[in-house]
Amino acid sequence: MSRNSVSTKLDRRTVIKAAAAAGVAQFASPFVWSARAADTIKVGMIDPFTGVYAAVAQNELIGVKFAVEQINAKGGVLGRKIELLVEDSANDVGTGVQKAQKLIDRDGIQFLIGDVNSGIALAIAQVSNEKKVLHVVSGGHTDGITGKDCHWNVYRVCNTTKMEANSVAELLFNKYGKKWHFITPDYAFGHTLQEAAAADLQKYGGTMTGNELAPLGTNDWSAYLIKARAANPDVLLVLPQGLDMVNCLKQVAQFGIQKQIHVAGLQQELESLEAMPPEARIGTWMFEWYWKQPGVPGVEKFVADIRKRSGGKVPTARTWFGYTSMMTYALVANREKTLDSVKLAKALGNFELPADVKLQPNKCYYRKGDHQLMTSAFVGEAVEVPAGDPEDLFKVDTIVAGDKTSPPESETGCALQWPA
Amino acid sequence: MSETHRKLAALAAIWVVLVCAPLWMPLVGGYTALGSRVLVLGLAAMSVNFLLGFTGVLSFGHAAWFGLGAYGCGLILKFIALSTPLGLLAGTLLGGVLGGMLGALIVRRRGVYFAMVTIAFGQVFYYIAFQWSSLTGGDDGLRPFYRQPLHLGFTTVDILQNSTAFYYFVLICFAAAVALMGFLLRSPFGRTMLAIRENERRARFLGIPVEMHIWIAFTLSCFFMAFAGSLYALVNNFADPRGLHYSQSGDFVMMAVMGGMRSFWGPLLGAVVFVVLQDYVSSITVNWQIFIGLTFVVVVLFFPRGLLGFLQARRRG
Amino acid sequence: MTQLILFNVTNGLIIGAFYVLMALGLSLILNLSNVINFAHGGFLVIGGYIAYTLEPYLGFWGALVASPFLTAIIGLAIERVMISRVYGRDPLYSLLLTFGLAFIFEDGTRFIWGANGKPFAIPAFLSQPLSNEFFFITGYRLFMVAMVAVMVSLLFLFLRYTRVGIRIRAGTLDLETVSALGVNVRALRSLNFAVGIFLAGLSGVLAGGQLGLEPTMGSGLLMPSFIAIIVGGVGSLPGTLVGGLLIGVASGITAAVFPSASEAIMYVLMAVVLLIRPRGLFGEEGMLT
């Protein structure tokens, strides 16, 4: 008995030492996010760096960090440097709220960015609203954020589902046909996507041949594809996102569905296209921002700068969201010469982004009535075999301005309540 | 100092620390909201331990009742009445009653099989919460609802905006639950549970209706769990499916083990360590999950009696 | 309509076959060692990623053969170093241990291979559908079913006719006696675990070809395996086989008529089995009470 306990004790001590060493090594490694300094303006970022959205969250972070670098190189905001505090929401609403409270109560941030996950974005928007902190939602798409759940202190960069649907719908209807079949991920966001597209279809006078609701995380799409093919539509709209979309499109390609039916969808991302085997890169989609924009000022330089900071990879729409969110704060604060959230929030109404931030041909501004950024939609086709750069996986056909794709402010359901 | 004196002193120390938390927390880099969160999760861990440590029954899907408590509270606050006490009551009943009902089905099983079935049950509720989005908000979670100010007749306590007031509210609820738990464990019922844990067969031979006792213990722990869940809904001002997921259960069991399963206050200590560790490490590095996983592994392999168990063993020599 | 149902039943069997492979590995480990291997999904993911890493050098077939063995070796190492230490104790500890391992695996794969999904290439001739009518039966799916059938047969032969296999089966019934008869129980458990992980690794390679690879994919595939075991009966491998196929078919049919419930049906099945016949379809009373 005593022999056992002695050996266990030795093991324990060794383990503790090893753990301490590992701990120290980790804290010194490149994955340390930030060292905390003083007399800086603290900016908080909450994103799901672990979990299914990890890839897009990391790209957002690259964009934000690059923006911070640029801002600080030009003297910071009102003469003070920006200090970025990054927290992982772990794709869990509770954790997101906890981190939001921590960043605001303990760390005293002046500005908040996040979250990619719509549910978490809504939850932390509640916290930022309670505490009166200016907040830009970089990548959460649910319409409510600039709709019925809008807050005076919250602005959003990425598109709403209605904007996405409107950008693609007309093209699909005119070019490919009136009969549409939907494959919809069965959760709140998926339903919103489908309703937005279906509304457009109805507006143009088309018919919906069916709507397959598939649970999140579906691995096998054959049942839905069997039905879709049997319904004989002109267009098949694939609405799942992320890994689900990758699998669905793979199976679509394997079954050869695209030979009879035109495949399309709403939002598509470079991260997803890169995760697909080449034969699955089919269909008509919209991107929220694309890196290859010949002739548009600022884009090439941005791409080159990001390449240096991301191990050679091009910026994705997510990188641009992060970059824009951070730059927005610096630009408006420097212009208004204040850090007061209410004043800045008011000033952001109709605030237009300069060329080296908007990185797109159309006018890009935050709408006053719902705080939504009027950013363009890049409509085009997925590319199976990239012609030049291996990351050029999308061929842009048209770039539609944000205020053309977005429903008017009166229809969003947003009623802003400003503090007295 | 005699054993009883030492125990009373320890108890007093614990309560002093808890009551003064809003004062010393900011000094060590904490914040009051974290304290409220730790209390609630600690209560959940203690509820799991009520079953696990004191009865010897492993339920690995216990977060189901936690999540149900959160949804119950939230649904009341959102749709029915703007009353915090009513929300708490509804949440506790929802989790407790459903737990009792389902517990009756599986009480004959034990060990690994029992654990597996509880996981599966938890996942059923997770799935329902996820899919029934018209009621529960699905993946986005149940929102918006807010904890309502307490109208105590002579004064109104604003627990929404004032995090310190809310912390004390949670502390009072925690104290009530913990007192009840302690009372139950000290009662003849509690003694019987310990007997069953130590040697089930002997207990059965003594004529004790073992299944009935286990079912009662299970149901009671579900009520405590649901109460903790309702409080959690108030802490966050929302409820979401993840609170029902087996990974949440895993966290609670881990807290109980980390702190010390055989002791009453162990799980609270475990909750403190776990929450603070996770909070701290996830701010430092993106690979915090590896650290948490390693913590699980290290605790299981080298500190199975938990921190309190380790300290007690040290003290005894 | 009947054609639709028929298609979906066939489809369900194909899905079910995959669940069977996962669940069998889990069941083997559960039966002999009383360990709920929460990290099983993690091993699956590792198997897939190892195959992905080996593919440029060994091709698809080489990776398919090599990866499960490498995964099994990793599993063996973990069993020897960590899991064997908690065998005698309360099942709680093995559960927490494998739970922690699952975290480490997920984050580890994200750390090593990156967070973004990776495509895993399968030979072109397998990607083609069987015919225009049966467009949803691709060569790859048939290949998966064939692999599962081969593995199940091999497993059956192994357990029935080899000495080690017989010992494993005896061990699930009464490990103490087996030990008293002079069998090296430690080695037996390790080997059993390795076999289970081999199956997990193979599942990972097959899943990779079908779904692509992503660090979080393991946990989603774990629950159906659990359910297959519960439905089929804890402690019974034929039960697990039937359970897996059953939930696959149920899921397939439900997807045809009531798609949003295609995942829920598995849980409903489980609930029904627990209510009517708690030991599962083929379970023995008293197995791992």
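The values are calculated or read from the model by the stated rules, or taken from the named source; none is laboratory data. Owing to the predicted nature of the structure, the values given are computational and were not obtained by experimental measurement. A quick note on method: Cβ atoms are made from the backbone with ideal geometry, for glycine too, and the neighbour counts reach across all protein chains shown.
Observations
- Test: residue B:113 is hydroxyl-bearing (Ser, Thr, Tyr), more than 7 Å from every other protein chain (Cβ to nearest Cβ) and surrounded by 23 or more Cβ atoms within 10 Å (Cβ to Cβ): no
- Test: residue in segment A:190-206 that is crowded, with 19+ Cβ neighbours inside 10 Å and of a type in the set (Phe, Trp, Tyr): no
- Every residue from segment A:240-264 that is closer than 27 Å to residue A:359 by Cα and either surrounded by fewer than 24 Cβ atoms within 10 Å (Cβ to Cβ) or out of contact with any Gly (no Cβ under 6 Å at 6 or more places or on another chain) (or both): A:241, A:242
- Looking at A:296, A:252, just one residue is within 12 Å of chain C (Cβ to nearest Cβ) and modelled with pLDDT under 95, and that residue is A:252.
- Pair list, Cβ under 6 Å, 6 or more apart: segment A:188-215 residue more than 27 Å from residue B:127 (Cα to Cα) and within 14 Å of chain C (Cβ to nearest Cβ), other residue aromatic (Phe, Trp, Tyr) and in a helix (DSSP H, G or I): none
- Residues that are crowded, with 24+ Cβ neighbours inside 10 Å and in contact (Cβ under 8 Å) with a residue 40 or more places away in the chain, drawn from segment A:165-180: A:165, A:166, A:167, A:168, A:172, A:180
One line per residue, one yes/no per condition, for (1) in the same structural domain as residue A:173 (by TED's automatic domain parsing); (2) in a helix (DSSP H, G or I); (3) not polar (S, T, N, Q):
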position	(1), (2), (3)
A:230	yes, yes, yes
A:233	yes, no, yes
A:236	yes, no, yes
A:247	yes, yes, no
A:250	yes, yes, yes
A:254	yes, yes, no
A:265	yes, no, yes
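- For segment C:1-44, the set of residues classified as crowded, with 24+ Cβ neighbours inside 10 Å, more than 10 Å from every other protein chain (Cβ to nearest Cβ) and β-branched (Val, Ile, Thr) consists of C:20, C:29, listed by residue number.
- Any hit, segment B:301-317, residues being at negative phi, buried (at least 22 other Cβ atoms within 10 Å of the Cβ) and assigned to a helix (DSSP H, G or I): no
Rundown of residues vs (1) surrounded by 24 or more Cβ atoms within 10 Å (Cβ to Cβ); (2) over 11 Å from residue A:341 (Cβ atoms), yes/no style:
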position: A:110; (1), (2): no, no
position: A:116; (1), (2): yes, yes
position: A:124; (1), (2): yes, yes
position: A:128; (1), (2): yes, no
position: A:134; (1), (2): yes, no
position: A:137; (1), (2): yes, yes
position: A:146; (1), (2): yes, yes
position: A:158; (1), (2): yes, yes
position: A:163; (1), (2): yes, yes
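- For segment B:196-239, filtering for residues that are part of a helix (DSSP H, G or I), polar (S, T, N, Q) and surrounded by fewer than 19 Cβ atoms within 10 Å (Cβ to Cβ) leaves 0.
- Considering segment B:259-300, the residues that are of a type in the set (S, T, N, Q) and not in a helix (DSSP H, G or I) include one that is farthest from the other protein chains (Cβ to nearest Cβ), namely B:263.
- Residue list for segment C:84-108, restricted to those being more than 7 Å from chain B (Cβ to nearest Cβ) and under 19 Å from the mean Cα position of the chain (by Cα): C:94, C:98, C:102, C:105
- Restricting the search to helices (runs of 4 or more DSSP H) fully inside segment A:327-420 and requiring at least 2 residues that are touching a residue at least 12 places away in the same chain (Cβ under 8 Å) and under 20 Å from residue A:141 (Cα atoms) gives A:402-405.
- Wholly within segment B:6-102, helices (runs of 4 or more DSSP H) carrying at least 2 residues that are farther than 20 Å from residue B:265 by Cβ and modelled with pLDDT of 90 or more: B:63-75
- For segment A:157-186, taking the residues that are under 26 Å from the mean Cα position of the chain (by Cα) and small (Gly, Ala, Ser), the one that is nearest to the other protein chains (Cβ to nearest Cβ) is identified as A:165.
- Qualifying residue in segment B:130-142 (condition: among the hydrophobic types (A, V, I, L, M, F, W, C), in a helix (DSSP H, G or I) and more than 14 Å from chain A (Cβ to nearest Cβ)): no
- Members of segment A:363-420 that are under 22 Å from residue A:289 (Cβ atoms), more than 22 Å from the chain's Cα centre (by Cα) and surrounded by 15 or more Cβ atoms within 10 Å (Cβ to Cβ): A:386
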